[in-house]
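Asks: For reference, the structure I am asking about is given below.
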Amino acid sequence: GFYPNSSAVPPDLRRSATGNVWNSFLNFTGCHAGMKVDGLYKLKKYFQHFGYIPETLSGNFTDDFDDILKTAVEMYQRNFQLNVTGELDELTLNHVVIPRCGVADVVNGTSTMHSGRRAYEVSFTGRGSRFNAVKL
Amino acid sequence: YSFFPGEPRWPERRRDLTYAFEPRNALTEEVKSVFSRAFVRWAEVIPLTFTRSETFSTSDISIGFYSGEHGDGEPFDGEMGTLAHAFSPPNGHFHLDQNENWIVSGDGGDGRFLSETWAIDLESVAVHEIGHVLGLGHSSVQDSIMYPTITTGRRKVDLTSDDVEGVQYLYGANPNFNGSTSSPPSTQQRDTGDSG
């Protein structure tokens, strides 16, 4: 549906928090390596969709919180500048369920999200004059 | 900012691009104008032009709203979740999830609207996906257009310096660009991540 503004969305069409297809992932809060939780394979599929688990590992995901998932969680946390715990803490899962673009963050196992060139502003003080430059 | 592997971009001979809408969607002029505004935001900073075409099959960029599996192996998942996706140059395919509540008002710049409504600002998503169409990948800079997530009730349409630097690396600067973008991200935001 298209609406001119948010208040124009009919009340019966307004989404509740449970309308988010990923909200069930919040049930995994507190999960960490070594645990086995029903449905955890779905979260592995999520991470695989966005590149955090290689396509070559597709197939029979289990509900085990294994090293594959731990590595994926750590890479996700690094990309989104969360605390890198390797665990499914509340902050991480609250971020996982946010609506997002379907394009992968990681390609061929390498995250590109931090690959941009950084700008450093430096100041030089010359004889009687001061000027600034941006180094790319 | 980041790029797709190999840094694909539209070739030198294709700098005047056309875009068209999936005719089966029968979009209103109001909805189409949202995309026009989104294209303008990128055209202001790079020497590319974007012209609307009525010929969907031959346009450089094809825009369509689809539901579930729609032929590219990347099915949409219903409300929320994945909102849209686009392909790297020179593919030009730009798809949005038909099952979202899209807000098309286009009022103002970045900001929030009623957050209790689970609705997505269409122009915010359009500006982001056009970034992919041009060759940008996702950015770790939270305020940038190319950050992968968007919170419901949020409108984010202004290019940041991170977005501009990225796209100008691919295409150079629009000679008429005056260098004005929204506030740059903080140094901490840029420098706290690893190098990937």
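The values are calculated or read from the model by the stated rules, or taken from the named source; none is laboratory data. All of these numbers come straight from a predicted model, not from anything done at the bench. A quick note on method: Cβ atoms are made from the backbone with ideal geometry, for glycine too, and the neighbour counts reach across all protein chains shown.
Asks: Would you please name the residue that is farthest from the other protein chains (Cβ to nearest Cβ), looking only at residues in segment B:1-59 that are acidic (Asp, Glu) and closer than 20 Å to B:ILE145 by Cβ?
Replies: Filtering segment B:1-59 for residues acidic (Asp, Glu) gives B:7, B:12, B:16, B:22, B:29-30, B:44, B:54.
Now restrict to residues that are closer than 20 Å to B:ILE145 by Cβ: B:7, B:44.
Working: B:GLU7: 10, B:GLU44: 20 Å.
Among them, the one singled out is B:GLU44.
Asks: Is there a residue being crowded, with 24+ Cβ neighbours inside 10 Å and modelled with pLDDT under 85 anywhere in segment B:123-135?
Replies: Checking segment B:123-135: not a single residue is crowded, with 24+ Cβ neighbours inside 10 Å and modelled with pLDDT under 85.
Asks: From A:ASN27, A:ASN5, A:ASN23, which residue is within 11 Å of chain B (Cβ to nearest Cβ) and within 20 Å of the chain's Cα centre (by Cα)? Reasoning before the result, please.
Replies: Numbers: A:ASN27 fails: within 11 Å of chain B (Cβ to nearest Cβ); A:ASN5 fails: within 20 Å of the chain's Cα centre (by Cα).
Answer to the selection: A:ASN23.
Asks: Pick from B:HIS93, B:HIS85: which is facing chain A (nearest Cβ under 10 Å), modelled with pLDDT of 95 or more, out of contact with any Lys or Arg (no Cβ under 9 Å at 6 or more places or on another chain) and surrounded by fewer than 24 Cβ atoms within 10 Å (Cβ to Cβ)?
Replies: Details: B:HIS93 fails: facing chain A (nearest Cβ under 10 Å).
Result of the check over B:HIS93, B:HIS85: B:HIS85.
Asks: Let me ask something additional. Which numbered condition in (1) in a helix (DSSP H, G or I); (2) crowded, with 17+ Cβ neighbours inside 10 Å is the only one that A:CYS31 fails?
Replies: Here A:CYS31 meets the rest and fails (1).
Asks: Let me ask something else about it. Can you tell me which condition B:TRP42 does not meet? The list is (1) touching a residue at least 60 places away in the same chain (Cβ under 8 Å); (2) surrounded by fewer than 17 Cβ atoms within 10 Å (Cβ to Cβ), and all the others hold.
Replies: (2)
Yes/no matrix, rows are residues, columns are (1) of a type in the set (Phe, Trp, Tyr); (2) within 17 Å of the chain's Cα centre (by Cα); (3) within 13 Å of chain B (Cβ to nearest Cβ):
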| residue | (1), (2), (3) |
| --- | --- |
| A:MET35 | no, no, no |
| A:LEU40 | no, yes, no |
| A:TYR52 | yes, yes, yes |
| A:PHE65 | yes, no, no |
| A:ILE68 | no, yes, no |
| A:VAL73 | no, yes, no |
| A:GLN77 | no, yes, yes |
| A:LEU82 | no, yes, yes |
| A:ASN94 | no, yes, yes |
